[in-house]
Each structure stands twice: as structure tokens, then as C-alpha cells.
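To start, the structure under review is shown below, and the notes come after it.
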Amino acid sequence: MLKLAGFLHCNKGQVNQINDRLLTNGSAKGGVRGMAEARSNAVLRRKASAAREVYQSRAMSLGKAIRMALAKSADELFDMPLAVTGVEHQVFQQDALPAAMSNESLLVLLDGPDGARGVVSFDVQTLAALIEVQTTGRVVPKPADPRAPTPTDAAMVAPLVDDVLDRFAENLAEEEQGYWTCGYRFGVRLENLRMMELALEAPDFNLIRLNLDLFSGAKQGEMVIVLPVVEKPRIPLAEGEKMPDIGALLSEALMKIPAQIDAVLCRVTLPLSAVGKLKVGDCLPIERDALSDTILEVGKKHKLAESRLGQMNGFRAVRLMMDVPEGVQLSVPEDVVAMAGEFEKSVAAPVAAKASLPDMAGGTDRGNGGGGREPAGDDLPDLSDLPDLSGGDLPDLSDLGGLDMQPQSDAPDLGELPDLGDLPDLGDLPDFSDLPDLADLPALD
């Protein structure tokens, strides 16, 4: 802001010049501020880019590992410049692997750890460049004519295969994916893709396709590395560290698995016509011993144990009825024991009521799963206060007349009695309750 001390006398033209200068100075200041902000953002971007490049240079990716391995192997073995211009990593199933490869390429079987097998293939241009640099010391700068690979070709590329695989695994030794790249060596030459299918056994494979620039642009070729997908190995235990209790972990996991157990009272067989007529409220016949002979089943009629149906805490419950082999001790949690005790009390009440009734057959069935009958009379009242009748104090009844109940042979024969079905109904007879007592009549000798 422009500050004027005192009074300034000026004409209209001078006032316009002052306004123009003020506007010019303001816009110039705004432009300078915008340029400063742009320069500040550019500096921040450069710093972020530099930090990202440093991180990427330190991190070892799969593409970077194979690029470095191939370039160093070709330089040290053959003194040949080789650059990887493209890397593609995919996972293929075994049956889809032949379609991703060429039958005209040189196929080499790789032997890996624990019987694992992989494959390396070189196309015609890459194979020609490797043969030319080993025989003439240079690569002809023109495309090679197609030809069938030979065992000699495989032998000449074997040192490169082993060296590249070793460097590749070494570069990824500290990385997460390094476990599936180590331990592979040159095996044998495969004649075609069919032989490759027969040799490979893993269900899935890592396929790494590499585009190569050979001898500074003399030829452009392709190389494919195929390694099986394997499980990540377990981390070895540190010194003093103990293995976890696999049994406890497995038991904890299994106890969380839901299991359905069916309590089968009985099975009723009905014709289809009767089943079709069933409706709500119909009753089905059930055997009387179904409650004590309940069968626990798992799955499709797989018998688990015999049980007895009862109740506990207002819910239906079953009590297992099984024999424990000798020498076997069962470890049952305390809460399960408490629940079993409550169930036993709920079942014992109706059983005790049944046992208190007299058994005319000489015993009471406790419903103990076929364990036999127990003698009756366990719950009869105490009769110890009755007099002792074993001392011979009973009166002599020998003077009573004989009471011969045998049929008499001299009884008259009544023959065939007539049918009395036509007798009149005597239901209207008068009441003789007012007749006099005749107890004082004399005795008849």
C-alpha cells in the first residue's frame, strides 16, 4: 500500500499514472508468488522421486532379479552383451502350459529339490545367438533360419542355464518369493511338448517369459522359464523354541466343528398309502421300551451309542449307556460331570416311583439297559413291630371238622339241564329292607 505524507497536488493525468503503477506492481507480486509455489512443488516432486528410486534400487523384484542374472551370466560366460527388454510372470495349470510355449524351441528339463521339475526354453533366435557367440565370438546381425534343436545345442547352453538359475535364486534369497526359485539345475533335453507334459507332475506352474536383446541389437529372442508352484516352507524354530502342541491345536479346531447327532426312539414302517393320509394330530405307535432303548446316530444310520431318554433343566436329554473297556480311564470335564448328575436326578425320580409298586412277577425292572431284574420289596414299610408267631403259641384247630374239597363221586347225575333263557325279568322286585330280624329262631338239629 502506498502511503503519502501531507498533501499531494497533482492533475488528473498524474493520478492515472499512479493507479497504473499500483496495478502493475500488484500483478507482478502475484506472478512472483505463483512461480515460487510452482518451484516449491517441483522440488518436492524431485525429492519424492529420488526417494522412490532409492527404494526401488534396494528392493529386489522378480523382474530385476532375472535381468541381473541373465546379463551377468552372459557377460561372464560368453562376453556377450545381453539385455532383458521385457518380463512377464503368469501362473498356468499343467494342462494349459503347452499352449503357452512353442514346439520349435529348445526345451530343457530342470531337476529341482524333492523331485520337483521345471523347464527352460530358448527360441530359434536366442539359440542361434548363443551358438554363434561361442563358435565365432560374435553374433550375426540378421535373423537365423528356423531349424530343429539338437542335443549339441542343449549341451552348449547348459552352462548358461545353471549359472542363470543360481544367480536368479541368489538374488531372491532374501525376498518372499525366493523359496520357489532355488535348487534347480540342468537336466536333459526334451524332444517336444508332449515329452514335457509327461515329465512335469505339479498341478500349477510359474511361467516367466523374457524378451531378450542379444549382442547390442544383433538379434531379438525369447527365453521362457517354467518352475512349479510349491508350498512355502515352514520357518525353522529358533534355538530353545518348542514346537507347538499340534494335538491341542487340532483338538481345539475339531471341537468347533458342528456335529449333528440324532436320538432315534424307534422306526415305524408304514405303507405309502398310510403315509399319504397322515395329518396333524395323528398318532404313531411307539414301542414301550423306546425311552430306555434310544439309539444315537450320526449321519446315515451310523450307530454311535445306546442311550436313555430323559430331561434336564426343562430340556430333553439323553444319558449314554455304554461299557468302558477295562484299563481305560475317561477324562470328563467337571461341568459335564455336573450336568450328568442333574440328569441322573431327573431320571431317578420316575424310576423310584415305579420301583415302589409291588411286582407280582417277583422283581422290578429298573430300566438299566438290560442289566437284569432286582428283587421286589426294597421299598416296603418296616413290619418289625408285628408279634413273633414262630414260638408255637397258635391255638390247636384239630377239632374242626374236615373240609374235604374233593369232588364227591356219589353226587347224583343231573343230566342235561333245560335252557332257562325265557325266565322273566326280575328287576322290579320290592325292597325287603323292613323285614324283622330272625336271629332268635331256634336251632335245627
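The values are calculated or read from the model by the stated rules, or taken from the named source; none is laboratory data. What you are looking at is a predicted structure, and each value in this text was computed from that prediction instead of being measured. Glycine gets a Cβ as well: all are built from the backbone with ideal geometry, and neighbour counts include every protein chain shown.
Condition first: more than 17 Å from Val161 (Cβ to Cβ) and small (Gly, Ala, Ser). Now tell me which residues in the stretch 104-136 satisfy that. Passing the criteria: only Gly115. Scanning the stretch 237-254 turns up no residue that is assigned to a strand (DSSP E or B) and either within 30 Å of Ile295 (Cα to Cα) or not β-branched (Val, Ile, Thr) (or both). Each residue in the stretch 210-237 was checked for being surrounded by fewer than 19 Cβ atoms within 10 Å (Cβ to Cβ) and in contact with a Gly (Cβ under 8 Å, 6 or more places away or on another chain), and 1 of them qualify.
Every condition in (1) out of contact with any Phe, Trp or Tyr (no Cβ under 9 Å at 6 or more places or on another chain); (2) outside any loop (DSSP other than H, G, I, E, B); (3) in the same structural domain as Ile66 (by TED's automatic domain parsing) is met by Ala173 except one, and the failing one is (2).
Can you name the residue in the stretch 118-138 that is at pLDDT 95 or above and not in a helix (DSSP H, G or I) and, of all such residues, is surrounded by the fewest Cβ atoms within 10 Å (Cβ to Cβ)? Among those that are at pLDDT 95 or above and not in a helix (DSSP H, G or I), it is Asp123. Please determine, by comparing only the residues of the stretch 98-117 that are in contact with a Leu (Cβ under 7 Å, 6 or more places away or on another chain) and assigned to a loop (DSSP other than H, G, I, E, B), which one is farthest from Thr135 (Cα to Cα). My answer is Met101.
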